[in-house]
Each structure stands twice: as structure tokens, then as C-alpha cells.
Amino acid sequence: MVQEVFRLSGIGYSYGEGYALKGISFSAMQGESLGILGANGSGKSTLLKIMNGLVFPTSGEMRFLGEVLNEVSLKGPFQRCFRERIGFVFPEPDVQLFSPTVFDEVAFGPLQLELPEDEVRRRVGALLDMLGISALKERPPYTLSSGEKKKVAIAAVLSTNPDVLLLDEPTNGLDPRTQVWLFELLQGLKDLKKTIVMATHDLSLVGDLSDRVIVIGEDHGIAADGKADKVLRDKDLLLKANIIHEHTHRHGDIIHMHSHGPFSTHDEHE
Amino acid sequence: MHIPDGYLSPRTCAVFFAAMLPVWYFASKRVEEGLKLKNLPLLALGAAFTFVIMMFNIPIPGGSSGHMVGSVVVSIALGPWAGVIALSLAVTLQAFLFGDGGVLAIGANSFNMAFIMSFAGYYSYRALSLGSPGHARKIAAAAAAGYVAVNLAALAVGIELGIQPVISAGTDGRPLYAPYPLSISIPAMMVPHALFLGPVEALGTALVVSYMEKTMGNDMARARGGSKPLWTALVVLAVLAPLGLLAVGTPWGEWGREEVLGMIGYVPSGMERYEGAWKGLLPDYGNESAEGIGASFVYIISAAIGSLAAVLAVYLWGKRWRK
Amino acid sequence: MAEVRLPDWLKESRGEPCLIGKGGSHGFLDKTLANISAFMRETLSSGAAERPGALQGLSPKARIAGFLLLIIACSITGRAFMLIGALVIMAVAMLMSNVSAASLAKRVAPSLFFTSVIAFPVFFDFITPGASVFGVSVSGYSISVTKEGAAIALFLVLRVGVMVALASLLLLTTRQADFFKGLKELKVPHLFVTALYMTFRYVFVLLKTAEDAVLARKSRTIATGRLSEAQRWTASRIALILKKSMSYAEEVNMAMISRGFDGRLRTLKAPGMEGRDYLWLFLTLFFLFLSFGF
């Protein structure tokens, strides 16, 4: 039986007078690939942080593998299980790269989870090899290019072997080559039945990778939730949520919309 | 403001490390209480921020510009305790990686720039903006806090340097570290700070605080700690501690009238008298001429044996630890 | 969404060439930029640290500990020959470690110059009375250099120079990552070392913001602005950087928690020390013990 990984019921988040999120309810199943679309400031980053237990909702309830996630439950033994199973890739890699060298960075997560040292070294070595960044092993992160930083940030998250990956604006600031690389990596992780939740406004990535799309409207609530191809064809909905603009609209179907994104995955992956 | 290595005697350096250790310990406890988890990034970025503002040149009248230390801005934004840690981090990094200030002087430099400036700045700002001050009063308070804090720190530097010839002279009475007496070192530090660097710090602090008040309001001071009387008392104690330790380290009682006069005025002709006073205080082994070559040779051998034993101990300890 | 209509004045272009002439300076901007680029240059050039050499071959902890022992020894000693001894040790270490004397001199020069200026008056009899070495006398006022004064001043300059040079040699032969690793292995509390490292790391991020802010202003500065406006601008940039550092702090904290940080840092065990590490420690410790006596 496929497990339910996340269940959010009536999640709201407010700061002061404003709302970042309002009445968000959905659930995500194991192995599902979920795209969260929303304009800038729609609250999708906050939503991911809530799903990672970094920020707690001001209303509603959030469950992970059936357990309620809140400040109290995250204090106990649940914390380790939770942190081990979820990886979060931040939009800005600089935020994530706080260790002296690339090696230390990738080793940070497994060390915090108290894996044996040999296992840590084995994992880090294998990951750096897989991502083709072994040569950067001893380099300090601030000397890397932004594409390399992103790779290291992803390696640092994968080193704990999470079942669930949360990605916030994963293609932000990446050159086309690195975007293709990222797409292939995520496709591979998806085939391994990892649960992938991406918050983005990169329609091409969502269109190619996600089974299901949730659109957060400008009112900070869910504007749509359904199969990816169905939601992505609903131009009026996407227009209303300020995810596409008329210029894109004029071209009609999804395939053409891609060519207005930062790159066309279709040319290279079909 | 950064004291380099070689200006302070090792004893002075040790005293300031000893004084700063409890301050760092209490500060980290306080910060931990205020923030739910050990918020390393907040402290680190506070320190990084100090680093960066030291590179900003503030334009001042006359077409010139100067840079501020920035400790007061940091302590107003983060609270004095987090400020102490953030500024100490900045001072440590400057000493090790940029040669700004000495490695052995990290304790003293932290005391001056992190501790004195942070607390003096923060509490004078709070005292002057007691009640419900308007914007103008807050800015004035910030300017005054910047001025007071940087001048107090400069005074501390002046005293630290000025007592060196008295507390750490060689066997022949000649100064081995900072050579000037208090009568020279204090004015040398105070005049530029009172006239030039103090106003720059005041201006910079006022400008930044004014901008923060306008654009960030209350959320800029998340980590701000309250002012409990107990802590204030501890602060005062800690300020006095190094002076006390210095007093213990060097028997004030044994100084004659001339020595005290020398401390204040540094009567240079009193050198012969120092010699007398210091002969009794220092162990004899420094005096080669009195002991002859043989004694020196024995000393060198015993030093070699001592260091061999110490390295052996490190080796054995390392072996045990690795098992 | 309507099509963007460009106003007519935006379509005109300037025909006449630019005149070259003297303009106002933006001194404080250039000074700030100079500070930032000097920092970047100094920290990003790894130099000798990446080259093979005797010091580079030592384990980071032994290297740092040994240099600290030497620095302490130089602080304790009251004799010039001990300082000259340290200088000799340093010269040998420098030659064995592929460090050029020029790169070391460049780091030591500012402190040495500063100390020389400070020590200068000590030479003279109005600060240090004693046996006159030579002197001039002009219309009743006389000034002379004394033997004692010269001894005190030269000793101070020598001590400061040697201590700064030792710290610089450590820095030049140590990669930044190794430096922080070494501190951890020397049992400096991990949280402190991590905070220290993070400070170093995020200085770069904040400096990038600072640099962009200054460049953006410079590119838009046509005439020299009013002083009060320039000051307000500087304050607003400093406040912007403060705000950015606070929001960064929050995000970095979350990134750490997300990867399992719970207030306790766990790190890999350090490799042990080898024969040469012990030899280095022995030499430096021996020198320290000597300094107690001399």
C-alpha cells in the first residue's frame, strides 16, 4: 500500500496583519512528484518551510507519516526520524553552504544523524563522484560558481538519503546546462520512488517532472489541485494566479509555453 | 584601536583572556536563553556585519571620510550579550586571518572593542532613550552612545598600553613592551578619538540607528536582552576584574612613592629606582651575568628535557585517545 | 496586461560627444571599494598554502600549536637574541615551505611601519634620558639620541616585527579550511570555531552586497552630491546590509536545523599526528621553555 507522506489540513500562516498562507489542505503520497506553482510572494516558500518543520503554522494541522508535526513533537525522538527522511534544498545555495569545505558540507547531515564515520566518508565520496564534483572536495564553498554551489547544496541534502525532497525554486539562477543536469537528476530520483515537492514558477520543469500540480493563488489559498497536464492547460487559472502572462498565453499550448521559459527541455529529452 | 602583538606583556594578555572567559561563557548562555536554539548563524552574521561596516567609509565634512568600529550598532541591533560574542568573533578573525590586532592580544582587544564598547554603547543608548523618546531623542542617544563607547574603549587601550612600562619592565628597568607611560599613552589615544574618531562613530551610529528605526521598527531587535540588575552588577564586576587581577599580579604595595609617581608621570630619571624594585620581584634566572655560563647551560638542558617530556605526554595521550 | 508604451523622450539620443574635464571625486566610495577589493585579494589568493612544503606538510593542529608556542615565547622573552633566534627559525621554515620573502614582507610591513612611527620618539632624550649617542643643539634647545632609547625602541620594533611575521607565516602556509579544522582539533569549542568559520564565510556574501551597492551608486553619480545625502546613503546601505545579515541568519539557521542540527555539532575524527608533527612541537616547546629563562 502506498503511504501518505504529508497531510495538511487547513494550514494558515500569518505574520502581524498579513497572511502568507490561508486554508491550505492537501495530502501527498509516497513516490508522488508534486509541483507547487505560485507567483512571487504567494507563500509557497513558507509552505515548504512548514512542511519541513522549520516554521510552524498559525492555524491548521500538519501530519508527516500520520504523526502530528509541531514544536512539541519535533523536540522528541521524532525529530531524528523526521530530519532523516526529509531533505530541503533552499533557493539560495549560499544559505546552505556554511561548512569550511565541500567535503565537510556534504558530511554535515550524516554526521548530525550520527552515522558511523566510515559510512559518512563512503557516502560523501560516492555522491561527489555521482555529481561529478569530486575535484571540488577540498574547496571552500565561497570559491564555487553558482552552478557548482547548487550541486553541492543538493549533494549535501542527498547525503542523508531522504525519502522526501523539498525543493524551493530549484532552477533559480542556473545556466541552461545546469538546469538540464538538475532535471535529469530529479528524474532519476523520481524513478527511485522518492517523493518530490517543488515550489517554483518554472512551468517547464513542473510540466516535465510533476505528476500533480497545486496552484497557490494571489489570495494565498489553493487555486487549483490536479493532474499536471490538466492544470497547466488551464490558461485562465494560471493567468489569474499570475503565473503566466498574456504573451505566453497567445501561443496556446504547453509545448510552446516551454520555449518561453528559460530553456526547452523538450529539445533535449524527447 | 586594534592592539598588535608585542605591545602588551604576556601577563597582561593572560589577564584579559581570564577576564573575557567568564564574559564569553555568560554571554553564550544568555544568547542561548534568548534564542531557542544555539543560533550560531545570528552571531556569525552579526560578526560578519561588523566586519563589513568597518570597510564602509562615512563621508564627513571637509571632503574626508572615516570608518567606524560599529560595535554600538551591533549591540543595539542584537542586544549587548549577543553583541559581545559577535564582536569577539570579528576581533578573533581579524587577528588570525588579517593580522589586524595581535593573536595574543585577542583577549584585550575583545575586552576593549567587544565588551566595553558593546555594553557602554548599549546601556548609554538605553539610558538616554528611557521612557518614550521621539525620533530625534533616539538619534541623539545613538550618537552619544557611539561617542561615549568609542572613547571609553580608547581610554581602556590607553591605560592598557600606559601601564606596560610599570608592570612589565626588564630587569634593568627598561620597558620591554609598549614604551610610553600613562601620561603619554592616554592623551595619544584620547585626543584623536575625542576629536575625530569619536564624532565619526557618533555620526555613523546615529545615521544607521535612524535608518533602522525608520525602516525596520521593532523587528530589528529580536535577540535583544533585557537589563536585569544582576547582570549589570556582573558587568561592573567583570570590568573591574582585569584591573584587580593586574593589581594582584603586580604587588602594588611594593611600589614606592616614586613608582606610583612614575606610573602617573613616568619620571624617566627614576630608572635606577625601578631596577631596585624589580630585582626583588623577578626570579633570578633571567640574570645571566650573575649566574655565569654554566648555569645557562644547565638551564638549556633542562628546557630540552622538559619539552621532550611534554611532547611525549602529548604523544601518549593522542595514542590513548585514538583507541 | 497592456503593451508597454515607451514615452517619446526615451527615443531621442544624444548626438554630441562627451567633454573630458576634471570632475568631483567620490572619495568615500572609492575608499570603500578599495577596502573591499583589498580584503578579497588578501583572502582569495591561497598562495603558498597550496604549494608543498615543510610547514604545509604538518598537521594543522601541530602547525597552529607550534606557531602559538613561538609567538608566546617571543612575547615572554626579554632578550634580543631570543627574538633573533625566532627570526632564524622562521627564515629556515620559510625557505623549506616555498614561501617567498616578499609575500611575508608585504604582510609584516604595515605593522612594522606603524610600530616604527610609534617607537621613533623613544630614541630621544626627552622620552628616554641616558648616555647620548649623538645630538644636535640649536639656539639653546638640544636634542639627542640616547643609547637606552635606541635599545628600547629597536627592541620593541624587533619584537613586534617577529611576532607579526610568525602569525603571517602561519597564515601564509595554512589554507583557511585547515585553519578552522586545526582550531577544532586543538579542542577550541566546536560551536565557537563554527561561528568563527561562518563569520568568515558570510563576510563574502555581505561584501558582495556592499560592493554592488557602492558600484550601483558610483555608476549613477553624475555630479558630486550633497554631504548629508551621501551620509544618508551610506547609512541606508549599512542598514540594508544589517537587514540582509539578519534574514540570512534566519535562513542559515533553518538550513542547519533542516539537516539535523540540534544545538550539538558532530564532526569527523581528526587524523593523528606523525613524527614530524612531534618534532615541530618539540622544537617550538623547547624554544618556549628557553624564553622563560632568557
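Taking residues in segment B:106-128 that are assigned by TED's automatic domain parsing to the domain that holds B:Ala143 and modelled with pLDDT under 90, and partners anywhere that are assigned to a helix (DSSP H, G or I) and of a type in the set (D, E, K, R), the pairs with Cβ atoms closer than 8 Å and at least 6 places apart or on different chains are B:Leu128/B:Arg137.
Checked against (1) free of Cβ contacts under 8 Å to residues at least 40 places away in the same chain; (2) among the aliphatic types (A, V, I, L, M); (3) over 18 Å from C:Arg264 (Cα atoms); (4) at the interface with chain B (Cβ under 8 Å from one of its Cβ atoms), C:Ala195 meets all criteria but (3). Residues considered: C:Leu227, C:Leu206. Of these, the only one that is modelled with pLDDT under 80 and facing chain B (nearest Cβ under 9 Å) is C:Leu227.
For a quick check of your reading: which helices (runs of 4 or more DSSP H) sit entirely within segment B:85-171 and have at least 1 residues that are of a type in the set (Val, Ile, Thr)? Spell out the reasoning first.
On the way: elements: B:106-109, B:117-128, B:135-162, B:164-167.
Passing ranges, in order: B:106-109, B:135-162, B:164-167.
One residue is enough: does segment C:209-225 have a residue meeting the conditions of a type in the set (Gly, Ala, Ser), within 30 Å of A:Leu113 (Cβ to Cβ) and under 29 Å from the mean Cα position of the chain (by Cα)? There is no residue in segment C:209-225 that is of a type in the set (Gly, Ala, Ser), within 30 Å of A:Leu113 (Cβ to Cβ) and under 29 Å from the mean Cα position of the chain (by Cα).
Out of B:Leu89, B:Leu78, B:Leu97, I need the residue that is within 14 Å of C:Thr199 (Cβ to Cβ), facing chain C (nearest Cβ under 10 Å) and free of Cβ contacts under 8 Å to residues at least 40 places away in the same chain. Which one? Before you say what the answer is, go through the steps one by one.
Working: B:Leu89 fails: free of Cβ contacts under 8 Å to residues at least 40 places away in the same chain; B:Leu78 fails: free of Cβ contacts under 8 Å to residues at least 40 places away in the same chain.
Just a single option satisfies the conditions, and that option is B:Leu97.
Does at least one position in segment C:264-278 carry a residue that is free of Cβ contacts under 8 Å to residues at least 40 places away in the same chain, under 28 Å from the mean Cα position of the chain (by Cα) and more than 7 Å from every other protein chain (Cβ to nearest Cβ)? The answer is no, given that none of the residues of segment C:264-278 is free of Cβ contacts under 8 Å to residues at least 40 places away in the same chain, under 28 Å from the mean Cα position of the chain (by Cα) and more than 7 Å from every other protein chain (Cβ to nearest Cβ).
The set of residues from segment C:75-114 being in a helix (DSSP H, G or I) and among the basic types (Lys, Arg) comprises C:Lys106, C:Arg107. Entry remark, segment B:8-58: residues being aromatic (Phe, Trp, Tyr), more than 7 Å from chain C (Cβ to nearest Cβ) and under 30 Å from C:Ala109 (Cβ atoms) number 2 in total. Within segment A:52-76, residues that are within 14 Å of chain C (Cβ to nearest Cβ) have Cβ atoms under 6 Å from residues that are in a loop (DSSP other than H, G, I, E, B) and of a type in the set (A, V, I, L, M) in these pairs: A:Gly53/A:Leu69; A:Gly53/A:Leu74, counting only partners at least 6 apart in sequence or on another chain. Of all residues being surrounded by fewer than 23 Cβ atoms within 10 Å (Cβ to Cβ) and in contact with a Pro (Cβ under 9 Å, 6 or more places away or on another chain) in segment C:49-81, which is farthest from the other protein chains (Cβ to nearest Cβ)? Just the residue, please. Checked segment C:49-81; the qualifying residue farthest from the other protein chains (Cβ to nearest Cβ) is C:Ser59.
Under the condition of being outside any helix (DSSP H, G or I) and among the small types (Gly, Ala, Ser), the residues counted in segment B:172-206 number 2. Among the residues making up segment C:147-167, those that are crowded, with 22+ Cβ neighbours inside 10 Å and among the small types (Gly, Ala, Ser) are C:Gly149, C:Ala153, C:Ala165, C:Ala167.
Looking only at residues in segment C:85-124 that are among the β-branched types (Val, Ile, Thr) and touching a residue at least 40 places away in the same chain (Cβ under 8 Å), the one that is farthest from C:Gly149 (Cα to Cα) is C:Val99.
Of the residues making up segment A:166-217, those that are assigned to a loop (DSSP other than H, G, I, E, B), modelled with pLDDT of 85 or more and of a type in the set (Asp, Glu) are A:Glu169, A:Asp175, A:Asp211.
The values are calculated or read from the model by the stated rules, or taken from the named source; none is laboratory data. Since we're looking at a predicted model, the values are computed, not measured. FYI the Cβ positions are ideal-geometry reconstructions off the backbone, even for glycines, and counts take in every protein chain you see.
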